[in-house]
Amino acid sequence: MGAKWQLKDHEAERRLFVRRLMLAGIFVVLLFAALIAKLVNLQIYQYEYFSARSDGNRLHSQYVPPARGLIFDSTGKLLADNQPIFNLTVVREQVEDMDKLLAELDKLIRLTEDDIEQFKRRLQRNRVPFASIPLRYVLEEDEKSKIAVNSHLLPGIAIEPQFVRQYPLEALTAHSVGYVSEINRDELDRLDELQRENYGGTNHIGKSGIERTYEELLHGTVGYELVEKNNRGQVMRRLDRTDPVAGKNLTLHMNSELQIAANEALGDYRGAVVAIDPATGGILAMVSKPGFNPNLFVTGISSADYSVLVNDRVNTPLFDRTTNPYPPGSTVKPFIGLAGLHHEFVDYDFAIQDPGYFRLPGVSYRWGDWTLRTPIGGGHGHTDLQRAIFQSCDTFFYDLGVRMGIDTMHDFMAQFGFGDNFALDIGFARTGVLPSREWKRTSRGEPWYPGDTVNSSIGQGYMWATPLQLATATAILANNGEVVEPRMLKAINGVPYEPEIVNPRPNVVVEDPDYWRYIQESMTMVVHRPYSSTFRDNGTAYEAIAQKDRNMPYLLGGKSGSAQVVSIDQSILSSADIEVSELNKDHALFVAFAPALHETIPPRIAVAVFVENGGSGGSVAGPIAKAVTDAYLLDILKLDFDGDDEPEESRALLSQAND
Amino acid sequence: MISQDFVRQSGGFQRSQNRVGNTPSPLHIDLPLLVGVLLLCGFGLFVLNSASDGDQALLRRQATGMAVGLVVMFAVAQFSVHFYRSWSPTMYTGGIAILILVLFIGVETNGARSWLDLPGLPSFQPSELMKFVVPMLVAWYLASRPLPPRFKHLFWSAVMILVPSGLIVVQNDTGTAIMVAMSGIFVVLLAGIRWRIVISGFIALLLASPAWYIFLAQEHQKNRILTFFDPYRDPTGAGYNIIQSQIAIGSGGVYGKGYGNGAQSHLDFIPESNTDFILAVLAEEFGLLGVLFLICLYMFVLVRGFFIAWAARDMYSRLLAGSITLTFFFYVFVNMAMVSGLLPVIGLPLPLISRGGTAIVTLFIGFGLLMSIHTHPRSRVA
């Protein structure tokens, strides 16, 4: 021990220690220097970058979706409303384990496989980061509270209030007003850069009908909100806000009372009713039956519900019967008759001897009159144009059509909107077919045969027209040729809407304006000309309309029609639980306008009724048209048709017929 | 109090005997060190106030911890360093005994079975105390042997260091074990261990580290290493802390966003903002200048610690003072380097700034020892 102590050189050891201590001091300084260098790098050289990252962390620009414009009928009743609902939403970025979260949620509330599938589809869509994505629409009160209580277990989950579309008339406006539904990928892609920005906060877009046509007006302009969010995505502060601009409220010409009446008038039939105000072209009613509940689509229709709609191939509820074409049948006869007068192929005195059939010169085939199929036999005998209309004599029109030629017929009828879509804001309406030589050559690559003209003369063959077109043409006829373009929109935000029409369609002008009266009178006879001792002297719809309601305060001008069912898909027949004979029945049609031939009151409504497999136009479709005009003129407009005001002429005409 | 009397009686003689200012004070307080520590405490509370969003209860706890620490520091300073020297082996033996005891009756917190919860005493971590007991023993052992230490002495020093460290590793508290080992290693380094041994030890560590990584490292440790090299390999998981911390520091810039305006911390983007990552809060709100200010405060304390070590008059005091000072620096540097991305994430608090009671008291024991070394007169026997 002692030796060791002796060996210790205290001064040398101290120097050694001090050297080491100095070295340690140098290390300390060097390490601090390295640390400061790192800080300088972070805080000076990379300041811009990290500053931006920090702002990116906390600042989020949120879209504030605008309120969608409301849709009113012409009397101010709501056709499309916005209703508050509560949605369950998910911010993807805040969810650690999506499957676990969904499983956790499933314990709390009912989540169908459909919900989850639709949610996953929404996740696929490339949306803004930190956007909340709907998982379930329309949470019930108890579900809301269950989620609120367990919110700490459900990171990224939120309950967000939202206004969604609600259609009070449900199926009645499914096709005309249409519906909104979730924007899909394709629709997003179709939007340009600016529009896509505008839809940043919007989940829904108009898919059909007015909702689609006027999407731009209804949508409004998106607002913005700059918010500061914390690590858990909770909004801590609102820093800036640009308010959204609500979409515009639209008022339609549609009258919901008439819409309901038309729907009721159709009863259990499948079919369509289109009613137009001849003065403005405004669509007063537009019913396609059966419809579907558009509200189902707003919050995402379940695939089960959807497949029911799609697979119903008899009722085809998704199919809009008002804007799809059918053979118009005899409803075109007044127009062809008018063409005959105008082009002087017939005059008031012209008449044929109807044997009940028609034969082209040199052709043995006989085109039969409809009367051939009646038990009492065919033929109308001595038939002038008026009789040919109110008795719907096919033979007369076969002859007239063939003499006139298809191209003359085409050019004249085109003025009424056949083969064209006159509607201003029903872009999705089909145009049907108004055949001509040119049309057949270009679309079929075949020459026109004289037999084609025969068929076209009674609205069969190649001729196809939509109920909307028939109503339009009837309105023009009722207007004495003044063309009106059908339209849905009446006012925007209460201000009457007058669209600028660049190339106004010319009015229909005929050689002698009296022709209008003549044709309208003929159509009035269709409804009001009673039976007499003369063979086949009644109007085709007399029995079903005027005879049933002898106190009709106004005259109804109309024309019945029926169209053969072209062909039925065998698969429909086999799948349908409906008698085959039912589906083979003719489609029944009726066009009408009222009041007809009134001295002071011009026609206020033009109607086209289409009844699928309805059979007889006069007896099935006619009363439906009459119910619609009754509802409009008597119940809605409450017009006073004082007997004294009725024109002498027409009364005389009818009494003459009664003789 | 005997020693105090002695100082008073022979003050003039003592002064002339010492080359540099061994400043005996009646209260055994080293004023510069006290000022430095108090400044750090005040600044720490100030930063913590913002980091904790003004959590008064938390601040009171922290302040209480500091007050207790100050009292402990004064108490520790009252005993002469010779007292600690002579009791070093006893304290070491007792420490080892308690560490073993903890293995059996210890309480587990955060995965480490390192707490002792004895009735009538506040619960504490015996391993914390080993941060002083180990350097004390190693200093005691080496100071009485010729320096630079011979290989035999180094071997025994290594045993003295590794036994408690190993026990603490068994408690599953690797961080503290490393600190305890470092406090002992600093003594050996300061005692003049030959460079070739230091260098070969360092190379050995380097060579052993891949083996450690492959065979011994736990999953979270591997993750920390990988994350250190590329934080963005898992930006929302393992890399999240360091990424957010760097964003906070970087976005603070030179002048900072202002007190209480640190968006990263107040919007909870910085994890552990009260504890390990409090430097990020400071750097975000006060910028580079704020961090430099803090480094200056630390430097002040460190310089004083170095001075005390330099001025100490016996080898035991020198080694102990040097080790305490370097351990303190080690704490500071490792935390700052980890938060700024210079080192992998190791769970170490920032001394006197981070929240945490026990750790503060441990630090104050160290300051108390430094004061004791500096304010007690040379032992008459030494």
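Table for the structure above
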{"read-out": "A:LEU42 vs. criteria surrounded by 15 or more Cβ atoms within 10 Å (Cβ to Cβ) and away from chain B (no Cβ under 11 Å)", "value": "no"}
{"read-out": "Selection within the range B:179-196 - among the aliphatic types (A, V, I, L, M) and more than 14 Å from chain A (Cβ to nearest Cβ)", "value": "B:MET179, B:VAL180, B:ALA181"}
{"read-out": "The range A:354-391, residues that are surrounded by fewer than 13 Cβ atoms within 10 Å (Cβ to Cβ) and touching a strand residue (DSSP E or B) at 6+ places or on another chain (Cβ under 6 Å)", "value": "A:HIS382"}
{"read-out": "Contacts under 7 angstrom Cβ, first residue in the range A:364-392 being not assigned by TED's automatic domain parsing to the domain that holds A:ASP354, partner of a type in the set (Phe, Trp, Tyr) and crowded, with 18+ Cβ neighbours inside 10 Å, 6 or more apart", "value": "none"}
{"read-out": "Criterion (more than 25 Å from the chain's Cα centre (by Cα), of a type in the set (S, T, N, Q) and modelled with pLDDT under 85) met by exactly one of A:GLN162, A:GLN124, A:GLN195, A:GLN118", "value": "A:GLN124"}
{"read-out": "Meets criteria (touching a strand residue (DSSP E or B) at 6+ places or on another chain (Cβ under 7 Å), basic (Lys, Arg) and free of Cβ contacts under 8 Å to residues at least 40 places away in the same chain) for A:ARG212", "value": "no"}
{"read-out": "The range B:77-97, residues that are part of a helix (DSSP H, G or I), within 17 Å of B:PRO377 (Cβ to Cβ) and at pLDDT 90 or above", "value": "B:ALA77, B:GLN78, B:PHE83, B:TYR84, B:ARG85, B:SER86"}
{"read-out": "Any hit, the range B:242-261, residues being closer than 24 Å to B:PRO344 by Cα, over 28 Å from the mean Cα position of the chain (by Cα) and within 11 Å of chain A (Cβ to nearest Cβ)", "value": "yes"}
{"read-out": "Residues being of a type in the set (Ser, Thr, Tyr) and crowded, with 24+ Cβ neighbours inside 10 Å - total across the range B:240-279", "value": "4"}
{"read-out": "Helices (runs of 4 or more DSSP H) fully within the range A:39-126 counting 1 or more residues that are within 30 Å of B:ALA283 (Cα to Cα)", "value": "A:47-58"}
{"read-out": "Residues located in the range B:197-221, provided they are at pLDDT 85 or above and either under 23 Å from A:LYS38 (Cβ atoms) or of a type in the set (D, E, K, R) (or both)", "value": "B:PHE202, B:LEU206, B:SER209"}
{"read-out": "Segments classed as helices (runs of 4 or more DSSP H), wholly inside the range A:572-659, with at least 2 members that are modelled with pLDDT of 95 or more", "value": "A:622-630"}
{"read-out": "Per-region count, the range A:200-214, residues surrounded by 18 or more Cβ atoms within 10 Å (Cβ to Cβ), of a type outside the set (Ser, Thr, Tyr) and in a helix (DSSP H, G or I)", "value": "3"}
{"read-out": "Candidates A:ALA272, A:ALA262, A:ALA279, A:ALA246 - the one that is among the aliphatic types (A, V, I, L, M), surrounded by fewer than 23 Cβ atoms within 10 Å (Cβ to Cβ) and in the same structural domain as A:ALA423 (by TED's automatic domain parsing)", "value": "A:ALA279"}
{"read-out": "Residues being outside any loop (DSSP other than H, G, I, E, B) and either in the same structural domain as A:PHE428 (by TED's automatic domain parsing) or of a type in the set (Phe, Trp, Tyr) (or both) - total across the range A:138-185", "value": "1"}
{"read-out": "Options B:LEU279, B:LEU297: the member that is more than 11 Å from chain A (Cβ to nearest Cβ) and part of a helix (DSSP H, G or I)", "value": "B:LEU297"}
{"read-out": "Residue in the range B:116-123 that is more than 20 Å from the chain's Cα centre (by Cα), under 27 Å from B:THR174 (Cα atoms) and assigned to a strand (DSSP E or B) present", "value": "yes"}
{"read-out": "The range A:406-423, residues that are surrounded by 18 or more Cβ atoms within 10 Å (Cβ to Cβ) and outside any helix (DSSP H, G or I)", "value": "A:GLN415, A:PHE416, A:GLY417, A:PHE418, A:GLY419, A:ASN421, A:PHE422, A:ALA423"}
{"read-out": "Subset of the range B:139-159 (residues that are more than 14 Å from chain A (Cβ to nearest Cβ), buried (at least 21 other Cβ atoms within 10 Å of the Cβ) and either over 18 Å from B:ILE178 (Cβ atoms) or hydrophobic (A, V, I, L, M, F, W, C) (or both))", "value": "B:TRP140"}
{"read-out": "Residue list for the range A:47-69, restricted to those being at the interface with chain B (Cβ under 8 Å from one of its Cβ atoms) and crowded, with 18+ Cβ neighbours inside 10 Å", "value": "A:TYR47, A:PHE50, A:ARG53, A:SER54, A:ASN57, A:ARG58"}
{"read-out": "Hits in the range A:222-247 - residues which are among the polar types (S, T, N, Q) and either closer than 25 Å to B:ILE270 by Cβ or modelled with pLDDT of 90 or more (or both)", "value": "A:ASN230, A:ASN231, A:GLN234"}
{"read-out": "Hey, A:LYS4 at pLDDT below 90, at negative phi, within 7 Å of another protein chain (Cβ to nearest Cβ) and part of a helix (DSSP H, G or I) or not", "value": "yes"}
{"read-out": "Any hit, the range B:328-335, residues being within 8 Å of chain A (Cβ to nearest Cβ), assigned to a helix (DSSP H, G or I), farther than 30 Å from B:PRO377 by Cβ and within 12 Å of the chain's Cα centre (by Cα)", "value": "yes"}
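This table checks each residue for (1) outside the structural domain of A:THR202 (by TED's automatic domain parsing); (2) of a type in the set (A, V, I, L, M, F, W, C); (3) at pLDDT 90 or above.
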{"residue": "A:ALA37", "(1), (2), (3)": "yes, yes, yes"}
{"residue": "A:ASN41", "(1), (2), (3)": "yes, no, yes"}
{"residue": "A:ASP55", "(1), (2), (3)": "yes, no, no"}
{"residue": "A:ALA67", "(1), (2), (3)": "no, yes, yes"}
{"residue": "A:LEU70", "(1), (2), (3)": "no, yes, yes"}
{"residue": "A:SER74", "(1), (2), (3)": "no, no, yes"}
{"residue": "A:VAL91", "(1), (2), (3)": "no, yes, no"}
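The values are calculated or read from the model by the stated rules, or taken from the named source; none is laboratory data. Because the structure is predicted, anything quoted here is derived from the model rather than measured. Glycine gets a Cβ as well: all are built from the backbone with ideal geometry, and neighbour counts include every protein chain shown.
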